[in-house]
Each structure stands twice: as structure tokens, then as C-alpha cells.
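Colleague: Would you mind keeping the following structure in view while I ask a few things?
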Amino acid sequence: MRLILIFFILTYSLQAAAITVATAANVGYAMKDLTTAFHKLHPTLHVKVIIGSSGKLSAQIRNNAPYDLFLSANMGYAQKLFEDGYATTKPIIYVKGKLVLFSKTPRDLSDALTLLTHKEIKKIAIANPKTAPYGVAAKEALQNAGIYNILKPKFVYGESISQTTLYALRSTDVGIISKSSLFVPQMLKYKKNKNWIDISTDYYTPIKQGMVILKYGKNNEAVKSFYNFLQTKEAKDIFEKFGYEQGN
């Protein structure tokens, strides 16, 4: 009986030390560095990262996916989950995301968004505004530039920003992607003003990305530790290294 009790205590401790984080695709690029830094501070805690579009992750959470923490690509999904009782903390801004115009082929990017209207640009990768906040921001930028409607036939939609980046690399002429996408190893060879250029925030609002503890993470001290870590200067410096503006 004593051995059985010890087994259950150990099993519970292992479960309590596990943290499952649902992470918007754009943040996935930074998660390895973040979890590595966190593990150095908390060697007994394990972080499992689930990556997807914010819309799909939100739908999974509503269908009782056992996630402890949600890092959304905007505030809207996180806020709605809180309002509907799926999150136990109000959303906070952990980073602000930015957009870039990317081309795997070197181009004259001085015309910025106007380049997209040129005849040689036949396919444009863009995140789906219905499932990805970076798609919403891209749509906003193109609408404010007055070219969204004329470009619609050229769009190839990715369900997440990571899928959009793959399309921009493999099957389209250019893409509108997150700046954070440029900081993964396979993208480092591409150069500013030759392969990519910042899209001016005159055209869109930097994306406020929201974080919440979900009901499965309630009263879990391991989850709270990672949640608090993501708000530290060390974590913010890692986010900044991956192309984000700092949040709060």
C-alpha cells in the first residue's frame, strides 16, 4: 500500500511539473530559446509546446484540449477565451509583432507594397485573415495602401504564419510574413532591402499578442512559473532578438 501511495505521489508530481503551452505559429520560432532559458532556471520543469494558428488553437481549447497556457498572435482570441471562461487570467500583452514583405529572389524593394501590383508578381503568400492575426494585419496594411481588392486574385493563403512563410519560400513570388520569421536559421541568409523590407506601421498597427493561463493550468505552480518567466527581462530580450517589440 505504501509503495502504491508513493507511486501516485510521484506521478502527480511529474504531472504538476509538466507545462503544455499552446503557441501561435509566429511565436514558435522563439520558443526553443525561451524554453531552454527557462529550463536552466527550473531544471525539473518540462515545457511541451503545441504550435498552430491562433484560430485553430482557440477552437481546440474550446473543445477541451488540455493546454495550460495560450500565447495568442493577437489580443482578441485570448480576450474571448477569458470572457467565455476558458482562461483564468485576463490577457496581457507579452510582445508586439511586425510585418515584412519578403522575396526569396533579390528584388528592388524600394517601392515596398507598390511592388505587389507589378505584373511580374503573380502569387503573393498571405496568412488567412480568418484564422491568423497576421493575416488580419496584412489585410489592414493592403487596404490602407489602397491595393487589397486588386491583389486578391494573387493571394495564396496560409492557415498560419509559418505555413505562409513556407509558401513564400517555395511556391509564391513574394509573401507578407512576420518579422520574427526571418530569425530562424534557414532564413538568416536573406538580406534586408534585397530579400525583405519592413512594412511601415503607418499602414497597420503592430500586433498586440495576448497571453492567458487556461483552466487546465489553474493553481499549477509550474505553469505560473513559466507565465511569470515570459514577462521577465530575459524573456523579453529573447523575444526582441526574434524581431518583436516588447509588450507591456
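Colleague: Summing +1 for each Lys or Arg and -1 for each Asp or Glu, what net charge is found among the other residues whose Cβ lies under 13 Å from the Cβ of I197? Please list the in-between numbers first.
Modeller: Values: positive: K98, R107, K179, K191, K192, K194; negative: D108, D111, D198.
Around I197, the surrounding residues sum to +3.
Colleague: If you don't mind, there's one more thing I want to ask. Region 183-241: which trypsin sites (Lys or Arg not before Pro) are DSSP loop and have at most 12 other beta-carbon atoms within 10 angstrom?
Modeller: On the way: sites: K189, K191, K192, K194, K208, K215, K218, K224, K233, K236, K241; in loops: K189, K191, K194, K218.
Sites meeting the loop and neighbour criteria: K189, K191.
Colleague: Report the per residue volume, in Å³, of the convex hull enclosing the C-alpha atoms of region 99-198.
Modeller: Values: hull volume 8.5 nm³, N = 100.
Dividing the Cα hull volume of region 99-198 by its residue count gives 85 Å³.
Colleague: Over every pair of different alpha-carbon atoms in the chain, take the mean of 1/r and invert it; report that Kirkwood radius in Å.
Modeller: Numbers: mean 1/r = 0.0529 Å⁻¹.
Over the chain, the inverse of the mean reciprocal pair distance is 18.9 Å.
Colleague: Still on this structure, I have one more. Once the Cα atoms of helix 2-16 and of the chain are each reduced to a long axis, what angle between those two axes, in degrees from 0 to 90 to the nearest 10, is obtained?
Modeller: 20
Colleague: Still on this model: Under the rule of at least 5 residues apart or a separate chain, name every residue whose amide H is placed under 5 Å from the amide H of A145.
Modeller: The answer is none.
Colleague: Which residue, L188, L34, L81, has the most motion in a Gaussian network model of the chain that connects Cα atoms within less than 10 Å?
Modeller: It is L188.
Colleague: Additional query: Given Cα positions, please report Rg to Rh for region 75-132, the hydrodynamic radius being the Kirkwood one. Intermediate values should be presented prior to the final figure.
Modeller: Numbers: Rg = 17.9 Å, Rh = 15.0 Å.
That ratio equals 1.19.
Colleague: Still on this structure: Taking K and R as +1 and D and E as -1, what net charge do the other residues with C-beta under 12 Å from the C-beta of E120 add up to?
Modeller: Details: positive: R107, K119, K122, K123, K154; negative: D108, D173.
Charge balance in the 12 Å sphere: +3.
Colleague: Over region 149-190, what is the mean sequence separation of C-alpha contacts under 8 Å (at least six apart), divided by residue count, expressed as relative contact order in percent? Numbers along the way, then the final one.
Modeller: On the way: 20 pairs, mean separation 10.8, N = 42.
26 percent.
Colleague: Multiply the residue separation of N63 and N149 by 0.36 nm, subtract the distance between their alpha-carbon atoms, and state the gained length in nm to one decimal. Can you show the working numbers first?
Modeller: Details: separation 86, 0.36 × 86 = 30.96 nm, distance 3.51 nm.
Difference between extended and current length: 27.4 nm.
Colleague: I've got another one for you. Given q = 0.15, 0.32 Å⁻¹, what are the Debye log10 I(q)/I(0) values for region 204-248, with equal point scatterers placed on the Cα positions and solvent ignored?
Modeller: The Cα Debye sum returns log10 ratios of -0.47, -1.15.
Computed from the coordinates by the stated procedures, all read-outs in this text should not be read as laboratory data. Computed from a predicted model, the values in this text were never measured in an experiment. Note that each Cβ is placed from the backbone with ideal geometry, even for glycine, and that neighbours are counted across all protein chains shown.
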